[in-house]
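This report concerns only the one structure given below.
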Amino acid sequence: MTTPRVAAIHDMSGFGRCSLTVAIPILSAMGVQCCPLPTAFLSTHTGGFEGFTFLDMTDEMPKVADHWASLGLTFQAIYSGFLGSARQIGIVEDFIRRFRRPDTVVVIDPVMGDYGRVYQTYTAAMCDGMARLAELADVITPNLTEAALLLGQPYETLPAGEAGLRQITERLSLEGRRSVVLTGASLAPGQTGAVCYDARTGRTQVVQTAYIAHEFHGTGDVFASVLTGALVRGSALADAAGQAAEFVRACAQRTAAENLPMREGVDFEPLLGLLIPGKETV
């Protein structure tokens, strides 16, 4: 069997465990070839650090796509995350249209905000562009803040409880045309996880795991990377989300025990062996 290949379109931070420095090792451990298409290179991520360097890769992105096309490269998945400008959103749209095949799964993590707030770098135009990009996805992985932005309603008005979370997830499915994994969904105290709408089956399922009471950076990237790897390897949507939630829980538990600073991200590297096919029990 040929090793499956994923085009991962994210920024890369040299320190801080997020984006490509999370996606590359996680996908590799899962037996998937990760082909990074960097949107930017930063010395560190922007959360909790000052004086970081930033190298914009926007102009290089179409050149990389052109070269890959000239080589006849194909991908079993296209996986995008944080994007730095409205122009990059358009470049990713073009990339998806160019490289998508009938068997390609397009996973878009519509990174725009969290905790009810939009990230400072995101303008209203960029949020509109991200919503447009997400329409090309087979699977989206928004948190509740991003769900509100995609639905065009205030965060405070989102319905609560299991019925409310199911309603949000199904509304995000574009009338059943795309799958949705709504992250950060808690149905009971001490629990967290996701609500999943599977466009292939029309079913909505809930995935829950233990909530670790600690602040972490980069857990969304860990979750979406595991989810993508599992989908590429043939897992059903809810099973992939369950594996991702359990791995994030294990990483969070280890990081909290070590009391690492939030800005360093979760200590996932010693746990990568849990992702090797055949050793998924966390």
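Bear in mind that the values in this text are calculations on the coordinates, not laboratory data. Please read these numbers as outputs of a predicted model, since none were measured by experiment. Ideal geometry is used to build each Cβ from the backbone, glycine not excepted, and the neighbour counts take in all protein chains shown.
Key figures for this structure:
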{"quantity": "Residue with peak Gaussian network fluctuation, the chain [Cα springs, cutoff 10 Å], from Pro102, Pro189, Pro154", "calculated": "Pro102"}
{"quantity": "Relative contact order, percent, the range 228-282 [alpha-carbon distance under 8 Å, six or more residues apart]", "calculated": "30 percent"}
{"quantity": "Footprinting exposure proxy for Tyr155, Tyr197, Tyr115 (fewest neighbouring C-beta atoms within 10 Å first)", "calculated": "Tyr115, Tyr155, Tyr197"}
{"quantity": "Sites Asp114 and Thr3, calculated FRET efficiency, Cβ-Cβ separation with R0 30 Å, nearest 0.05", "calculated": "0.35"}
{"quantity": "Sorted by Cβ density within 10 Å, fewest first, the residues Leu55, Leu237", "calculated": "Leu55, Leu237"}
{"quantity": "Taking the range 169-237 and dividing mean pair separation by its residue count, relative contact order in percent (alpha carbons under 8 Å, at least six apart)", "calculated": "22 percent"}
{"quantity": "Relative contact order computed over the chain (Cα-Cα under 8 Å; 6+ residues apart), in percent", "calculated": "17 percent"}
{"quantity": "Rule-of-thumb Rg ratio for the range 185-282 [Cα; 2.2 N^0.38 Å; N residues]", "calculated": "1.07"}
{"quantity": "Where trypsin sites (Lys or Arg not before Pro) fall in DSSP loop in the range 145-186, at most 14 other Cβ within 10 Å", "calculated": "Arg177"}
{"quantity": "Among Gly113, Gly81, Gly202: highest mean-square fluctuation, GNM of the chain, C-alpha pairs under 10 Å", "calculated": "Gly202"}
{"quantity": "Calculated log₁₀ intensity ratio I(q)/I(0) where the Debye formula runs over C-alpha points of the range 32-124, q = 0.13, 0.20, 0.25 Å⁻¹", "calculated": "-0.52, -1.11, -1.46"}
{"quantity": "Percentage of interatomic Cα-Cα distances in the chain larger than 23 Å", "calculated": "51 percent"}
{"quantity": "Loop GluC sites (Glu not before Pro), the range 88-177, which have at most 12 other Cβ atoms in a 10 Å radius of their Cβ (DSSP)", "calculated": "Glu175"}
{"quantity": "Net lengthening on full extension, Asp56/Leu272 (0.36 nm per residue, minus Cα-Cα)", "calculated": "74.8 nm"}
